[in-house]
1. Using the structure shown, decide if Arg73 is in contact with a Leu (Cβ under 7 Å, 6 or more places away or on another chain) and assigned to a helix (DSSP H, G or I).
2. Keeping to region 6-43, report how many residues are more than 8 Å from the ligand (Cβ to nearest atom), among the β-branched types (Val, Ile, Thr) and under 22 Å from the mean Cα position of the chain (by Cα).
3. Here are the criteria: (1) buried (at least 19 other Cβ atoms within 10 Å of the Cβ); (2) more than 10 Å from the ligand (Cβ to nearest atom). Tell me which single one Ala173 does not satisfy.
4. Any chance you could count how many residues in region 237-259 are surrounded by 16 or more Cβ atoms within 10 Å (Cβ to Cβ) and under 30 Å from Ala19 (Cβ atoms)?
5. When you look at Ala194, is it outside any helix (DSSP H, G or I), modelled with pLDDT of 95 or more and among the aliphatic types (A, V, I, L, M), yes or no?
6. Could you grab the pairs with beta carbons closer than 7 Å, sequence gap of 6+ or different chains, first residue in region 12-26 and of a type in the set (Lys, Arg), second one assigned to a loop (DSSP other than H, G, I, E, B) and within 13 Å of the ligand (Cβ to nearest atom)?
7. Can you list the strands (runs of 3 or more DSSP E) found entirely within region 1-58 that contain at least 2 residues being more than 17 Å from Ile169 (Cβ to Cβ)?
Amino acid sequence: MSASYEVAVIGRGLIGASAARHLAEAGCKVVVIGPGEPADRRTSQGPFCSHPDEGRITRIAGRTPIWSQLAARSIARYADIAERSGIEFHKSCGLVSSSPKISEWLKNSELAGGKSRSVDSDWVLSSTGISLTNGHPALYEGAPAGYINPRSLVKAQTKLVVQAQGVVITESASSITRRPDGYEIKGNCGSLFADRILVATGAFGSELLKRPLDLRRMPRTTVTAELSINNDLPSLICVDPPDKRLEEIYWVPPVHYPDGRIALKIGGALRDAKPVNSEALTAWFQGEGDSIEAEALKNCVIGLLPGVEVTSWAQKPCVVTNTASGHPYIGWVEDGLAVAVGGCGSAAKSSDELGRLASKLFQSERWSDSLPESAFNPLFN
Ligand SMILES: Cc1cc2nc3c(=O)[nH]c(=O)nc-3n(C[C@H](O)[C@H](O)[C@H](O)COP(=O)(O)OP(=O)(O)OC[C@H]3O[C@@H](n4cnc5c(N)ncnc54)[C@H](O)[C@@H]3O)c2cc1C
């Protein structure tokens, strides 16, 4: 006899692990199904994830009022998650953002209770050593802005799922079949039954859904740089950075990486970037990323940190999953089957709230949040 659950969450990344925790802590009989990150991405057949890294920016001054509120709600729970799991994952090192849209980001921050303030490039240079030459306005956001460790956050959420009597299966699922009284899930995870399902599989897992969601999987290359300086840098978002091939860049200040280096991580978006289809994703993750993107990112480190030497570089591929709406899809796609996917490159910091909103779908008949349900409606191809 296969195991049976009220809710099966498929995908144990940032959003799935959070949803499973909220469901388990609400007393639901939940299983979360999802492997860890591949041991060797060059030979793995996947599924891959977008969170295996040591740093993701956290901030309240987001691109939309909704993103700002999602972040503020999540950040308010970081300390509780860390304390109850015994796993630290948040560092408040502050953030500098520079963009033509700074006045909107400041407004979004204020609406969500953030404390960002307008600053100029002279202040940024003298306070942080970062040279902004794009001519755009800037903001500074102090604590709790900074970064989180996404690997540690997934570990913390998973630990809390188990503490709340949820079941964790660290294998993948490959099919979902509708049965008269619920769903059957099969794959490396074995065969199990659930009344209802949440699919939170990030860039992967499209084979699990009957109708393809409108998702744009954007290949991204990230570069890590060991720096000659030890001074404390803030996190950074910079639109129109020094290398014109990039629309924008972000960085997370130097942190320890598993390869033993203490390195700054920089990533961004090339102006002419094209989405990849799901079939090409595995090959992308097995490769080394894009050499042009890596070169442009390196130029940005050098341009933004004048006088700083880089003692080593490394690079790797990743994928950002964009939605057509600009916000994650959280909602029902058929009776009993919901999704929580499409982090749009911004969901790590807000994943606890995204998971909570997804968990609420299973706990009440109606959407009962002050954030509009329509902002999260899944859209299909
Ligand atoms: C380079 C890069 C930089 C980023 N920087 C930031 C940042 O600074 N700040 C920020 O807030 N966000 C950032 N993000 C975005 C953030 O990391 C993502 O939005 C977030 O990881 C999305 O969470 P998720 O749970 O949807 O997906 P993931 O974290 O990718 O998790 C999905 C999980 O589903 C699993 N899965 C897939 N298919 C199956 C299956 N068939 N069966 C079982 N499990 C399956 C995968 O193994 C994976 O663990 C960045 C993303 C990238 C790629």
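The values are calculated or read from the model by the stated rules, or taken from the named source; none is laboratory data. Keep in mind the model is a prediction, meaning the values are calculated, not measured. In this analysis, Cβ positions are derived from the backbone assuming ideal geometry, glycine residues included, and neighbour counts consider all displayed protein chains.
1. Taking the combined requirement at face value, the residue does not satisfy it.
2. 3
3. Every listed condition holds for Ala173 apart from (2).
4. 8
5. Spelling it out, Ala194 is indeed outside any helix (DSSP H, G or I), modelled with pLDDT of 95 or more and among the aliphatic types (A, V, I, L, M).
6. Here the result reads Arg12/Gly34, each pair linking region 12-26 to a residue that is assigned to a loop (DSSP other than H, G, I, E, B) and within 13 Å of the ligand (Cβ to nearest atom).
7. Result: 56-58.
Here is a yes/no grid of residues against (1) more than 19 Å from the chain's Cα centre (by Cα); (2) closer than 22 Å to Thr64 by Cβ:
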site: Glu279; (1), (2): yes, no
site: Ile292; (1), (2): yes, no
site: Gly331; (1), (2): no, yes
site: Ser350; (1), (2): no, yes
site: Leu361; (1), (2): yes, yes
site: Glu373; (1), (2): yes, yes
site: Phe376; (1), (2): no, yes
